[in-house]
Amino acid sequence: MRALHMFGLAAGALVVLGGCSKAEPAKTTANVPAAPASAPAAAPPACKDVFQPGKLVDTEKAKAGCSSPSGTALMLASMDCTDGTLLWQVEASSGAPAGYVHEGEPYQVVKADAAGDAAYKKAYQACIG
């Protein structure tokens, strides 16, 4: 019985291998033209240029991101306000002065960190309703 079982395994292996014995021609990519290299994406503007004290912030630029002083691309998080606008909190590590901006209003600079600033807390409360 054991011999039949082993024979069955061997026969099964032959059937499986038998299906793979047909050779197909190798596919080459020698005749396929190489895709042209795409142009590198333009670096985002510096955060200090997007978030300028006392000036309105271009919403599309702020949404698209900005670059730190070291050239690292940053996506600064924004909060969706109940009125459909956005509120950004910006850290000094971005290269822009620490502060915040509610869409449609001028950029506000804070002394240390926006999270601890009374005016930011008021803007945040107005944002969330």
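Among the residues of region 104-117, those that are open to solvent by less than 60 Å² (accessible area, probe 1.4 Å) and either part of a loop (DSSP other than H, G, I, E, B) or closer than 13 Å to D58 by Cβ (or both) comprise P106, Y107, V110, D117. Return yes when Q125 is crowded, with 18+ Cβ neighbours inside 10 Å and out of contact with any Leu (no Cβ under 8 Å at 6 or more places or on another chain) and no when it is not. Here the answer is no, as Q125 does not meet what is asked.
Among the residues making up region 88-99, those that are open to solvent by less than 30 Å² (accessible area, probe 1.4 Å) and free of Cβ contacts under 8 Å to residues at least 40 places away in the same chain are W88, A98.
Residues that are open to solvent by 60 Å² or more (accessible area, probe 1.4 Å), outside any strand (DSSP E or B) and out of contact with any Gly (no Cβ under 7 Å at 6 or more places or on another chain) within region 56-69 comprise D58, E60, K61, K63, A64, listed in sequence order. The residues on offer are G99, G95, G54, G65, and the sole one that is of a type outside the set (A, V, I, L, M, F, W, C) and touching a Lys or Arg at 6+ places or on another chain (Cβ under 7 Å) is G95.
Starting from region 42-71, keep only residues that are in contact (Cβ under 8 Å) with a residue 40 or more places away in the chain, then list their pairs with residues that are outside any loop (DSSP other than H, G, I, E, B) and open to solvent by 70 Å² or more (accessible area, probe 1.4 Å) whose Cβ atoms are within a distance under 6 Å, requiring at least 6 positions of separation or different chains. What qualifies is V50/K61; P53/V109.
Where residues in region 73-82 are assigned to a loop (DSSP other than H, G, I, E, B) and out of contact with any helix residue (DSSP H, G or I) (no Cβ under 6 Å at 6 or more places or on another chain), which of them is most open to solvent (accessible area, probe 1.4 Å)?
To start, the set of residues in region 73-82 that are assigned to a loop (DSSP other than H, G, I, E, B) comprises 75-77, 81-82.
Still in the list and also out of contact with any helix residue (DSSP H, G or I) (no Cβ under 6 Å at 6 or more places or on another chain): 75-77, 82.
Values: M75: 133, L76: 38, A77: 79, T82: 103 Å².
Among those that are assigned to a loop (DSSP other than H, G, I, E, B) and out of contact with any helix residue (DSSP H, G or I) (no Cβ under 6 Å at 6 or more places or on another chain), it is M75.
Per-residue answers, yes or no, for (1) among the hydroxyl-bearing types (S, T, Y); (2) open to solvent by 70 Å² or more (accessible area, probe 1.4 Å); (3) assigned to a strand (DSSP E or B):
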| position | (1), (2), (3) |
| --- | --- |
| D49 | no, yes, no |
| G71 | no, no, no |
| G84 | no, no, no |
| V101 | no, no, yes |
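The values are calculated or read from the model by the stated rules, or taken from the named source; none is laboratory data. Note that the coordinates shown come from a computational prediction; the quantities given were computed from them, not determined experimentally. All Cβ positions, glycine included, derive from the backbone under ideal geometry; neighbour counts span all protein chains shown. Please note that ligands, DNA and RNA were not included when accessible areas were found on the heavy atoms of the full protein model with its side chains. Shrake-Rupley method; radii C 1.70, N 1.55, O 1.52, S 1.80 Å.
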